[in-house]
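First up is the structure itself, then whatever we jot down about it.
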Amino acid sequence: MSRARALELLHVELPLVRPFRTSFGEVTHKRCVLVRVETDAAEGWGECVADERPDFSGEFNEGAWLAIRDFLAPAWFGAADASLATAERAFEGVRGNPMAKAAVLDAILDAELAASGTSLAAWLGADRDRVVCGVSIGIAPTTEALLEQVDGYLAAGYRRIKLKIEPGTDVDRVRAVRDAHPDILLSVDANAAYDLADADTFRAIDGLGLLMIEQPLHHEDLVRHAELQALLATDLCLDESIRSVADATAALELGACRIVNIKQGRVGGVPEARRVHDACLARGTPVWCGGMLETGIGRAVNLALAAMPGFTLPGDTSASARYFDDDLTEPFELAPDGTMAVPTEPGIGVRPRPDRLRACVSRRELIRAGDKE
Ligand code: NPG
């Protein structure tokens, strides 16, 4: 059994190729926390999907940094060994903070798999070496600009288009895209911006042949999602509402959705994401892999997950170029057929490039086992 030696926190900042606007705001830069762990056997990397502000969830970069530095790192150093299973148990004593936990657990898993020479995809039981990719399009300034973006992404090969919507920028936009492209896989994502009084908006969208309507209502409101689902033919999908396998099971038992978006960072890391996948697969519920504008570190994890058997719908696993002119890792590239290769090297299969770390890291803090003993 290997021992934990050190954990390093790094804050990185990368400009996005174009601003990304959702119903809760606009981001122009990717700013996130990376975790690098060292055991006596190997090094591992993880990416925290929190952002600067607690808008998508209650977590945010500064909070995640402190949760990791002051609670998760000491719990890992104090555990009997450095393994993933031991760390998961040790972290049960820290309530909430799934994004912070995911960053550390994923780094520990990467180190463990790197030491044993196993790829993350193989460890997860992935059954394909390429995944079909979709793209998520932020709220555009005009319908024309949106149609232009849709055309560009379809020309690049993306096989499913997801449109962000918000009250007032919804039915007409979606109809315009549907009219221009009657046969594409098309979905919408409201990021919890509506309530049940907006049912007429969803009834109007219901006729547009969408693959799904994602997270229309408040993230804590499974009961009203079930009411809305009963009114619509289109499948609802939940994202923000699903923070664990318990949430996923509750949502499905209530009929609050028929599709689940799995974001490993939102549910506390790869091991819990696997449990959500397994629970959905057992019920025959389709899942797909969401995205949080990850750098190549988080993207590598998403690609491995998306290659698991239950991931039957194209997800938000887009190429590096959709987000960054220059990623932190070697870029992930979309093939003309709209697929991307799943990493095959041990662990997550990628490392940040030293030159990119020099350019993008704005702060780092190294904590060694024994520092505070
Ligand atoms: O391609 O990684 C991506 C982005 C996919 O739309 C996407 N993500 O609500 O799912 C979301 C949204 C998001 C991005 C949410 C960043 C929070 C932060």
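No lab work stands behind these numbers, since they all come straight from the coordinates. Predicted, not measured: the structure shown is a model, and the values here were computed from it. Positions of Cβ are generated from backbone atoms using ideal geometry, with glycine treated the same way; all protein chains shown enter the neighbour counts.
Please compute one quarter of the surface area of the Cα convex hull for region 16-82 and express it in square nanometres. Can you show the working numbers first?
Values: hull surface 22.4 nm².
Mean orientational projected area (region 16-82, Cα hull): 5.6 nm².
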Just the Cα atoms of region 55-140, one point each, no solvent: what log10 I(q)/I(0) does Debye give at q = 0.11, 0.13, 0.15, 0.16 Å⁻¹? -0.43, -0.58, -0.72, -0.79
Could you work out how far helix 222-231 tilts from the main Cα principal axis of the chain, as a 0 to 90 degree angle to the nearest 10? 30
If you average the alpha carbon positions of region 116-166 and of region 349-373, how far apart do those two centres end up, in angstrom? 29
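Tell me the Kirkwood radius of region 225-373: reciprocal of the mean inverse pair distance over distinct alpha-carbon atoms, in Å.
Values: mean 1/r = 0.0587 Å⁻¹.
About 17.0 Å, per the Kirkwood formula over Cα pairs.
For 11, 29, what ranking results if the residue with the fewest other Cβ atoms within 10 Å of its Cβ goes first?
On the way: 11 18, 29 15.
By the 10 Å Cβ count, ascending, the order reads 29, 11.
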Under a GNM of the chain (C-alpha, springs under 10 Å), which listed residue has the highest mean-square fluctuation: 208, 120, 303? 208
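What fraction of the DSSP beta bridges in the chain is antiparallel, stated in percent and rounded to the nearest 5? Present the calculation step by step, with values, prior to reporting the outcome.
Values: 30 of 51 bridges.
Roughly 60 percent of the DSSP beta bridges within the chain come out antiparallel.
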When 162, 30 are arranged by how many other beta-carbons sit within 10 Å of their Cβ, fewest first, they go 30, 162
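Among 176-184, 19-27, 70-78, how do they line up by average Cβ neighbours within 10 Å per residue, starting with the highest?
Details: 176-184: 14.0, 19-27: 16.3, 70-78: 19.3.
The peptides rank, most packed first, as 70-78, 19-27, 176-184.
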Cα-Cα P(r), the chain, percent of pairs per 20 Å interval: 31, 59, 10, 0
Between the residues 63, 12, 29, the Cα farthest towards the positive end of the dipole of region 3-89, that dipole coming from +1 and -1 charges on the beta-carbon of Lys, Arg, Asp and Glu, is from 29
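Order the peptides 92-98, 133-139 from the highest to the lowest mean number of other Cβ atoms within 10 Å of their residues.
Details: 92-98: 14.4, 133-139: 22.9.
In decreasing order of mean packing, 92-98, 133-139 become 133-139, 92-98.
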So what's the angle, to the nearest 10 degrees on a 0 to 90 scale, between helix 270-283 and the longest Cα principal axis of the chain? 40
Find the eigenvalues of the gyration tensor of the Cα atoms of region 101-200, then list the square roots of 5 times those eigenvalues as equivalent ellipsoid semi-axes, largest first, in whole angstrom. 36, 19, 12
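Please give the calculated 222 nm ellipticity per residue for the chain, where each DSSP H segment of at least 4 residues contributes -39500 (n - 2.57) and the sum is spread over every residue; nearest 500 deg cm²/dmol?
On the way: 13 runs with 129 residues, N = 373.
Mean residue ellipticity at 222 nm (helix-derived): -10000 deg cm²/dmol.
For region 126-216, calculate the relative contact order in percent as a whole number, restricting contacts to Cα pairs under 8 Å that are 6 or more residues apart.
On the way: 112 pairs, mean separation 24.6, N = 91.
Answer for region 126-216 is 27 percent.
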In degrees, nearest ten, helix 171-180 long axis to first principal axis of the chain (Cα): 80
Using Cα centres only, tell me the gap between region 1-45 and region 193-258 in whole Å. 30
Residue 30's amide H: which non-local residues (gap 5+, or another chain) put their own amide H closer than 5 Å, with H modeled 1.01 Å from N in plane and none for Pro or chain starts? 14, 16
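So what is the relative contact order for region 122-278, in percent, with contacts set as C-alpha pairs under 8 Å and at least six apart?
For region 122-278, the relative contact order is 16 percent.
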